[in-house]
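See structure below.
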Amino acid sequence: MSSCVVATAGHVDHGKSTLIRALTGIEPDRWAEERRRGLTIDLGFAWMRLPSGRDVAFVDVPGHKRFLGNMLAGLGPAPVVLFVVAADEGWRAQSSDHRDAVAALGIDGGLLVVSRADRAPERVADVVEQARTELAGTGLRNAPAVVVSGVTGVGLDALRDSLDEVLARQPLPNAHSRVRLWVDRSFSITGAGTVVTGTLSAGTLRRGDALDVAGSADRPQPTRRVTIRGLESENQAQPAVGPVSRVALNLRGAASSDLLRGEALVTPDVWRLTELLDVRGVSGPGFDQLPEQLTVHIGTAAIPARLRPFDSSHARLRLDRALPLTVGDRLILRNPGNGVIGGAQVLDAEPPELRRRGDAARRASVLTTMRPDGDLAVEVARRGVVAEAQLRRLGLLEGPVQAVPEGVRVVDGWWLDTARCAAWARQLRTAVEELHRRDPLAAGLSRGAAQDLLGLSAAELVDVAADEAGLVLNDGYLSEPGHVGELGPAEAAVAELERRLATDPFQAPEADDLVQLGLGVRELAAAERADRLLRLRDGIVVLPRSPALAMRTLAQLDQPFTTSEARQALGTTRRVVIPLLEHLDSRGWTRRLDAGHREVVVGRGSGRGS
Ligand SMILES: Nc1nc2c(ncn2[C@@H]2O[C@H](COP(=O)(O)OP(=O)(O)OP(=O)(O)O)[C@@H](O)[C@H]2O)c(=O)[nH]1
Ligand SMILES: [Mg+2]
């Protein structure tokens, strides 16, 4: 049975800590100052086993207005809430703040707890009704209500039973997903070293795992790597802990002073740090009613941010520092130093820059139709091409790929928009055709030039576009399939040289002959690509079949043979025979024995007797 983490919520002094203490027997107010003042200042932690056998951990939050930031850090990563309202006081200001935070986070699991019932039993019914009205706009609208007294113990059994039922209905957290553990405490233990704690809402942590510290407050990126030396949940050492749990990690690789609340420990390489977000409003007034400067709370982080509304329900947020955020993340928006003013959900953690006039309006209309869990087809179309790993980082893809949306092609870990792919193919075809027209002797468009032309991040994508365009790749050059062999103006001279060599295959033309024929380096290279001529060392040009012809003659000689014997047998000059023999050596058809002798390699090439 899975465990769970439940946060408290409710106005100051309404009995949250008293309730947790009564339920668990654990003191949630950890600080002497808290106990002296009877006031929770920072998060408190306790746990118990429910009648069903399910383990539940509590994060007890402060109700006082001054500590709202701490409250939000406790509530942020917890999926379920005990919403406490005192019978004798009824709904108060921080009840509203906490309700707004619950709405912003989209929390829909929890209980309405009317506490301090012994102090005002006659008011209980009214307070339940009042709280129901206040919570009507939140996911807690249908939450079961329980009436308790943390002092007399009345209602605690009913609360345990109700909580069990609520937790049984909670969706199962994903134990296999990537980890993002928002740090809520960091301290150092003599002998053990650095310990951080947090609520693990998804994924599994194991001893020995490496994690990256992300979202560092005053430190430059990139992230730092730490290793889990040991882990505990509810004060018990464990080899591994799954969600949703409270965890304490003993870390190697960072001092406790280097890890702060608001930073996150994340699975390496699979999170994107972003400071720019496009979001949709999910609660509170329209974005156009909100101040430009606000504080964004996510997980245990609280970050100053600038809001740029597109319309009343879509906006761009620029955070003061980059955080590991993903599509679907819920954010609490707060007036700096004041109450909660609304909630937002991340639609895009890698939004496009808005450069030109009209970009913002266009962006607004895209965002309006965007699904809250992201839309793969739209995201791929916007980028044209995107690596699958990046889609996972952005939270657009999780687990094994089930189905590729229409209009998307997947090639070697790249997701391509088919329309964009067709456009690249057209662009590439035009460029290659133009090049062939302008310079028939050119081998074609180099793969690198094609990559630049299309502005592609990876060379293998050029091949996809080339394939789509029906181009062929030869030695790193893209050309039209029929192009190799086109020699344009050099055709006549090459044909003439072929005629001469056909009569006498080892009478390679002199440099002067080549000049006269108008065959320079480029022409000869093109003829060679077209498999019409073969260039040997020292400017020697023969037919592609000349080496095989030479082998027939050489195989008839007594083995080994001298260079001079080869020259005479082939009826040629030293100028030609030396590069020719070296060529045969390099093909493995002949073998050089010493300075003056070679032999034909038996069973190779057009060897003996053929
Ligand atoms: N009679 C009675 N008093 C209660 C009950 N619950 C809490 N109290 C008292 O109310 C006061 C505040 O209780 P806490 O549990 O500290 O309230 P809290 O909600 O945790 O307060 P903060 O954490 O500061 O927001 C204390 O004096 C408690 O003894 C209850 O059920 N009955
Ligand atoms: Mg308290």
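The values are calculated or read from the model by the stated rules, or taken from the named source; none is laboratory data. Predicted model only: the values in this text are computed from it and were never measured. So basically every Cβ, Gly included, is an ideal-geometry build from the backbone, and we count neighbours across all protein chains shown. Side chains included, ligands, DNA and RNA excluded: accessible areas come from the protein's heavy atoms. Shrake-Rupley method; radii C 1.70, N 1.55, O 1.52, S 1.80 Å.
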Relative contact order of region 1-128, please, whole-number percent, based on alpha carbon pairs below 8 angstrom and at least 6 residues apart.
30
Shape of region 133-245, Cα gyration tensor, a/c cut at 1.5
prolate
For the chain, size of Cβ-based charge dipole, Lys and Arg +1, Asp and Glu -1, in debye:
780
Degrees separating the helix 359-368 axis from the principal Cα axis of the chain, which is the longest one:
60
Excluding Leu251 itself, what net charge comes from residues whose Cβ is under 14 Å from its Cβ, given Lys and Arg +1 and Asp and Glu -1?
+2
Cα convex hull of region 89-144 - mean projected area over all directions, nm²:
3.6
Cα-only Debye scattering, region 521-594: base-10 log of I(q)/I(0) at q = 0.26 Å⁻¹:
-1.29
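Once you list every other residue whose beta carbon is under 13 Å from the beta carbon of Arg160, what net charge do they have if Lys and Arg are +1 and Asp and Glu are -1?
On the way: positive: Arg49, Arg54; negative: Asp55, Asp157, Asp161, Asp164, Glu165.
Spelling it out: positives minus negatives among the neighbours equals -3.
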Using alpha carbons only, how many angstrom separate the centre of region 527-581 from the centre of region 168-240?
72
Give the average over all directions of the projected area of the C-alpha convex hull of region 59-157, one decimal, in nm².
5.9
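Quick one: what do you get for region 440-593 if you divide its Cα Rg by 2.2 N^0.38 Å?
Details: Rg = 19.1 Å, N = 154, 2.2 N^0.38 = 14.9 Å.
So region 440-593 has a normalised radius of gyration of 1.28.
Just need the Rg to Rh number for the chain, please, alpha carbons only, Kirkwood Rh.
On the way: Rg = 37.6 Å, Rh = 30.0 Å.
When Rh is taken as the Kirkwood radius, the ratio is 1.25.
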How big is region 333-451 by Rg and Dmax over its Cα atoms, in Å?
20.1, 73
For region 445-521, the percent of all C-alpha pairs falling in each 10 Å bin, from 0 up to the bin holding the max distance, is 17, 32, 20, 20, 10, 0
Could you list which residues have their amide H under 5 Å from that of Val541, counting only those 5 or more apart in sequence or on another chain, with H placed in the peptide plane?
Leu536
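Please state the charge dipole magnitude for region 1-70, taken about the Cα centre, from unit charges on C-beta atoms (+1 on K and R, -1 on D and E), reported in debye and rounded to the nearest 20.
Details: 10 positive and 8 negative charges, 16 e Å.
With only Lys, Arg, Asp and Glu charged at Cβ, the dipole is about 80 debye.
Given a 1.4 angstrom probe, what's the average accessible area per residue across the chain, in square angstrom?
Values: 26920 Å² over 610 residues.
Per residue, the chain has an accessible area of 44 Å².
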Degrees separating the helix 124-134 axis from the principal Cα axis of the chain, which is the longest one
30
Does anyone have the angle between helix 574-587 and the longest principal axis of the chain? Alpha-carbon axes, 0 to 90°, nearest 10?
40
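Tell me, what is the percent relative contact order of the chain, built from C-alpha pairs under 8 Å that lie six or more residues apart? Spell out each step's value before the answer.
On the way: 1255 pairs, mean separation 48.2, N = 610.
Computed over the chain, the figure is 8 percent.
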Checked region 284-388 with the C-alpha gyration tensor, a ≥ b ≥ c its square-rooted eigenvalues, rounded below a/c of 1.5, otherwise prolate if a/b is larger than b/c and oblate if not; verdict prolate
Solvent exposure ordering (accessible area, 1.4 Å, most first) of Asp212, Asp258:
Asp258, Asp212
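Restricting to DSSP loop positions (anything but H, G, I, E, B) with no more than 12 other Cβ atoms inside 10 Å of their own Cβ, which GluC sites (Glu not before Pro) remain in region 406-457?
For GluC sites (Glu not before Pro) across region 406-457 that sit outside H, G, I, E and B with at most 12 neighbouring Cβ atoms in 10 Å, the list reads Glu406.
What stretch of the chain, leaving out the sites themselves, is the longest with no trypsin sites (Lys or Arg not before Pro) in a DSSP loop having at most 10 other Cβ atoms within 10 Å?
Within the chain, the longest run free of exposed trypsin sites (Lys or Arg not before Pro) spans 1-354.
Reported to two decimal places, what Rg/Rh ratio describes region 390-508 when computed on Cα atoms with Rh from the Kirkwood expression?
Working: Rg = 20.4 Å, Rh = 17.0 Å.
Dividing the radius of gyration by the Kirkwood radius yields 1.20.
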Give me the dipole magnitude in Debye, nearest 20, for region 514-610 about the Cα centre, with unit charges on the beta carbon: positive for Lys and Arg, negative for Asp and Glu.
180
